[in-house]
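**Q** Quick one: this structure, given as structure tokens, is what I'll be asking you about.
Nothing in this text is a laboratory measurement; each read-out follows from the coordinates by a stated rule. Owing to the predicted nature of the structure, the values given are computational and were not obtained by experimental measurement. Heads up, the Cβs are rebuilt from the backbone with ideal geometry, glycines too, and the neighbour counts pull from every protein chain shown.
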């Protein structure tokens, strides 16, 4: 199942703030299951790419220390009508992509 | 940037797995995509060396680091790093000084992006949030202490 991403973006004076809310547990692999005494297996987003009209703008690497259901905001140089996409991959290989047109 | 997108492309088509099997790429080359050395580092200095190849930073007032003075829930600490006042920002790394693995995230910016990041991070206890910005070959740093009343790790 692909990872769900909700996005919003608005351009003002050639710079757009792009916000993304991702539905993901962000399990670091260090949290213990008290019943079994074993850690919950790691499952966190490690790669994030933000692209404007298909050109990569921001490339991020995350660890399990980013909060669950991550919120991310970045600023890119783009105008209204440009397409901005956020693509993510987690450490288990699950992927998610979302694209919006800037307002 | 090019090498990373190349690796991504090959991973997407599954060709990387074939390449590994054929011995064309050693597994370490593929894993180099995610900066494991920096993320697994136990100290902020080691993490910095892993990301930037150097741990010598200079304090800068041009980085606007926004974090709460007191975080009621360390599992969701909002952090904003605004380095848009600096020209040529290449990378922003966010670290939590006393986390078991301090490096939380690193962002690399192309020319069509602005040096600005807002996110939410987990913090186990009261500690400093450190933002390190690489711009024009220099490493600039800003930090702020965040008091955590409920830890974000260990549950």
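**Q** Find the relative contact order for region B:36-148 and round it to a whole percent, using C-alpha pairs within less than 8 Å whose residues are 6+ positions apart.
**A** 32 percent.
**Q** If you take the square roots of the eigenvalues of the alpha-carbon gyration tensor of region B:36-148 and sort them as a ≥ b ≥ c, do you get rounded (a/c under 1.5), prolate (a/b over b/c) or oblate?
**A** Taking the square roots of the gyration eigenvalues as a ≥ b ≥ c, region B:36-148 is oblate.
**Q** Moving to a separate point now. To the nearest 0.05, how large is the calculated FRET efficiency for residue B:42 and residue A:19 if R₀ is 41 Å and r is the Cβ-Cβ distance?
**A** Calculated transfer efficiency: 0.80.
**Q** Quick check: pseudo-label points 7 Å beyond the Cα along Cα→Cβ at residue B:72 and residue B:87, how many nm apart are they?
**A** Those two pseudo-labels are separated by 4.5 nm.
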